[in-house]
Amino acid sequence: MGMIGYTVALVVITVIFSPCVYGKQSSDQQDIKVQRLLKRLNKPAHKSIKSEDGDIIDCVPITNQPAFDHPLLKNHTIQMRPSFVPEGGSTYTKKEAKAITQVWHKSGVCPDNTVPIRRTKKEDILRAKSIESFGKKTHRSSFGKGTDQSNPGQGHEYAIMNSRAGNYYGTKFVMNTWRPEVEVPNEFSLAQTWLASGSGYDTNTIEAGVQVCPILYGDNNLRLFVYWTSDYYQSTGCYNTGCSGFVQTSKVITPGGSFTQASQYDGAQYALTMLIWKSSGNWWLMIGGEYVGYWPGSIFTSLGDRATTVQWGGEIVNQRTNGRHTNTDMGSGHFADEWYKKASYFRKLETVDGANTLREPQGLYPYASNSNCYNIKAGGTRGSYWGNFFFYGGPGGGFAKGTIDLGGLEISQVSTFNKVWSTYEGGPDNLGATFFEPSPVPSGFSILGYYAQPNNRQLFGWVLVARDLSSNNTLKSPVDYTLVGNTESLTIKQDGPGYFWQPVAPDGYQAVGLIVTNSSQKPPLDKVRCVRSDLTEQCEADTSIWESNGVKVSSLRPTIRGTQATGVCVGTFTWQPQNTSPPSLSCLKNTKLNFSTMPNGSQTGVLFDTYSPLIYHHPDEEYLPSSVNWYFSNGALLVKQGEESNPSPIEPNGTNLPQGGANDGSYWLDLPTDKKGKERVKKGDLQSTQTYLHIKPMLGATFTDIAIWVFYPFNGPARAKVKVITLPLGRIGEHIGDWEHVTLRISNFNGELWRVFLSQHSGGEWTEACDLEFQEGGGSNKHVAYASLHGHAMYPKPGLVLQGNNGVGIRNDTAKSKKVFDTGLGYEVIAAEYGGDGGGVVEPPWLNYFRKWGPKIDYSVEDDVKRIERFLFGALKRAFVNLVKKIPDEVYGEDGPTGPKLKGNWTGDEN
């Protein structure tokens, strides 16, 4: 069932945790306060149990537990059992009544007349914002409509089911338990129930559930918790036994204790049956068949009578680390749409009425504060096992979660295939190409088109499949097929004829891929889906897959590409016979370009540590890279036009470089003026070399590009090859300041490296990950790149690449040597092209220096050319003269380049 379409003003408790902030207290004063609090919380125990999860469980006499430090409980008589348990509509079954298992149970049991209390440690307290706030929540703003739960940017996000206002005396439910991943220590993820009454700062709450909360417990274990407040988190209440209030009666279950087991995706499922109800003035908690304890009615004001609202569901804290949405999971970390065994659920929701009877609540309504990241799907009532239920949760930011929501259309990459048809000649290396159907397709998803690749490499690729999330018909079957081509008349080696079909889309829809068959019979209409037009955009041919007999097959990519572009590559292909227009196919469009699928800072670090390349230089290379700051600190100069005789030293990180503006020739950088210093700096310093990373979304944020920039203080002279002769070209090719780069393109679906771009002079080339050379030794994901001699163009394989033809051209020589550096050993993230504040990255001043990194010096090369011509005769001399005519004009001038930010690929795509 779909989510009920109500817009509501929620009564949700909006709270935050903060990281440790001490600094104004002296260490002695702080230590005294900490020890005083530890003494108050950690009561003398009859027995202590050391748990394998690192906890120490103290078996404290039931009459000496921290609850009775509360001034209203000084003369409190312990209620060992409730006077009654609500009847009717019970969710309690024998199957669900098996004993709950906490980790500490493996190490011992508490004696009779004691209760197990997790010992508080000094480091637990020091993680809190202050000693006084340990174990407490702090409110953020007023209670009710317009509070933080309706503004996810404020920190807390929810996916919850709400009761309508009324009189409630408890609730019972079955809660699916998972161990969600929490991204940073000062965030949490929980699943709980809230019973609340009162308003504003007189709000009273009782809360219980499970949570992962590193700042409270110091780990990422799934733990039971209880909470309460009688003044909207002002001064009363705490987690578990972090203050006086909740009275434990069980010697088996401890609030704050971690669980031994949690549900697994598409595997074993675990759940807790939880009941909270009011008995003899106190609010009791029962889990399974165990009475855990109670909240005394005397510690509340309005809840001393009854609750007026009940809520169930999930909550996370989003600290927006690095300026982007957290990747903290809610529930299983999967959206509610995935349902049983994949999404987290609450079922058998019941409330206790004034007659102490369990009833199925009426008029429930769901709410998700940020459905892009966490959602909820109401299930209504379905039999005695499920009762009134709902699924909820989500992946948060969503990097490498397997699927991406484009705005009601969810897509996933499939990289396993069934072969449909092959040809064995034509295309790269004249080896032909193979066409594949994606298989298996995830449940609920549909094929958008088939995949193809040349036969000169191993099977490596993907194609997108999709499903409708919105119930707004984002996908429809075609109404027919058009045969756009076949190979019946082609004289090629093939698996019999192949037939290429374009889906005929319904009005308002677009086809985004072709279907291939090995018979002339049309495919079934339900074989593929077309996509609603507003979720598509224009595409163009990309890489050639196969070409023969006037037919060209190419992969497709969005026509408009860049960091803010919405086009999404589907992984399909086009078939185009000679002198005809290609089939009308579209790419997809991300209409929810909020960058929540991008990796955060720590994930980016892991990705780069995994995929960072090794760059080899030629054994004869004289001009090596360096860090920018090494260049600045070793005498590089800032020159201003008109003041050439008085250049300025460059300060560390370029803090005195002019910022912004345009490349107007008013400033440039230069080498040191003294000859010895100049020659030393030109050679660079491999030991100091640092790489500079630019993180950017690409292809509608379905991929992350990590552009790896490398700085060379000097570019050496070029060399020419004229048939069998190699000729030095004097100063041709020299310039001061040389920026090169390698770009890693990584899937935001799964974090896998797809392809690598290697810059080469004014252009470059993409290489598929499967075609790269990887570090020797086996098992490494670090690939190898080769920088050409003097020119530093990057290539995937060693050897000679000739810029020219017929054995005449500019040489690009590469080879392995000891002059190698691992780009992952020293790097700095200098920019991120997503999030409101650039992903939280502070850009160094030198990055925003928009002038030349070297001077422009025009000089005559006629003497060099004539000198070389004297050694050549006949055809060799004519070939050399033709080569000189083809050398670009800019090579003849010693012209320094601009920095990375002025390159076209900074906000655009490579090439």
Inside region 553-635, counting only strands (runs of 3 or more DSSP E) that do not spill past its ends, which hold 1 or more residues that are under 30 Å from ALA452 (Cα atoms) and more than 31 Å from the chain's Cα centre (by Cα)?
573-577
Can you name the condition, by its number, that PRO366 falls short on among (1) within 22 Å of ALA268 (Cα to Cα); (2) crowded, with 19+ Cβ neighbours inside 10 Å?
(1)
Among what's in region 316-351 and is over 19 Å from the mean Cα position of the chain (by Cα) and under 14 Å from ASN372 (Cβ atoms), pick the residue that is surrounded by the fewest Cβ atoms within 10 Å (Cβ to Cβ).
ASP337
Considering only region 580-598, I want to know if a residue exists there that is surrounded by 23 or more Cβ atoms within 10 Å (Cβ to Cβ) and under 23 Å from PRO796 (Cα atoms).
no
Regarding ASP542, is this residue among the charged types (D, E, K, R) and either not assigned by TED's automatic domain parsing to the domain that holds TRP575 or not in a strand (DSSP E or B) (or both)?
no
Could you tell me which numbered condition THR203 fails, if it satisfies all but one of (1) over 23 Å from VAL60 (Cβ atoms); (2) surrounded by 24 or more Cβ atoms within 10 Å (Cβ to Cβ)?
(2)
Note: among GLY379, GLY432, GLY393, GLY408, just one is more than 36 Å from the chain's Cα centre (by Cα) and either surrounded by fewer than 23 Cβ atoms within 10 Å (Cβ to Cβ) or in contact (Cβ under 8 Å) with a residue 12 or more places away in the chain (or both), namely GLY432
Quick one: what pairs do we get from region 254-266, first residue of a type in the set (Asp, Glu), second modelled with pLDDT under 90 and part of a loop (DSSP other than H, G, I, E, B), C-beta under 7 Å, 6+ apart or different chains?
ASP266/LYS341; ASP266/LYS342
Need a quick list: strands (runs of 3 or more DSSP E) entirely within region 247-336 having at least 2 residues that are over 30 Å from PRO395 (Cα atoms).
271-279, 282-287, 290-295
In this structure, does GLY700 turn out to be at pLDDT 95 or above, in the same structural domain as LEU637 (by TED's automatic domain parsing) and not acidic (Asp, Glu)?
yes
Inside region 222-280, the number of residues satisfying the requirement of being under 37 Å from the mean Cα position of the chain (by Cα) and among the hydroxyl-bearing types (Ser, Thr, Tyr) is 13
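So if I check each of SER298, SER280, SER302, which one is among the small types (Gly, Ala, Ser), in contact with a His (Cβ under 9 Å, 6 or more places away or on another chain), surrounded by fewer than 18 Cβ atoms within 10 Å (Cβ to Cβ) and in the same structural domain as GLY166 (by TED's automatic domain parsing)?
Numbers: SER280 fails: in contact with a His (Cβ under 9 Å, 6 or more places away or on another chain); SER302 fails: in contact with a His (Cβ under 9 Å, 6 or more places away or on another chain).
The unique qualifying residue is SER298.
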Applying the selection to region 190-246, what residues are on the phi > 0 side of the Ramachandran plot and of a type in the set (Phe, Trp, Tyr)?
TYR232, TYR233
Pair list, Cβ under 6 Å, 6 or more apart: region 530-559 residue over 19 Å from ASN579 (Cα atoms), other residue among the basic types (Lys, Arg) and modelled with pLDDT of 95 or more:
CYS530/LYS476; LEU535/LYS589; THR536/LYS589; GLU537/LYS589
Scanning region 213-228 for residues that are part of a strand (DSSP E or B) and either over 15 Å from GLY54 (Cβ atoms) or of a type in the set (Gly, Ala, Ser) (or both) gives LEU224, PHE225, VAL226, TYR227, TRP228
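The values are calculated or read from the model by the stated rules, or taken from the named source; none is laboratory data. Note that the coordinates shown come from a computational prediction; the quantities given were computed from them, not determined experimentally. Note that each Cβ is placed from the backbone with ideal geometry, even for glycine, and that neighbours are counted across all protein chains shown.
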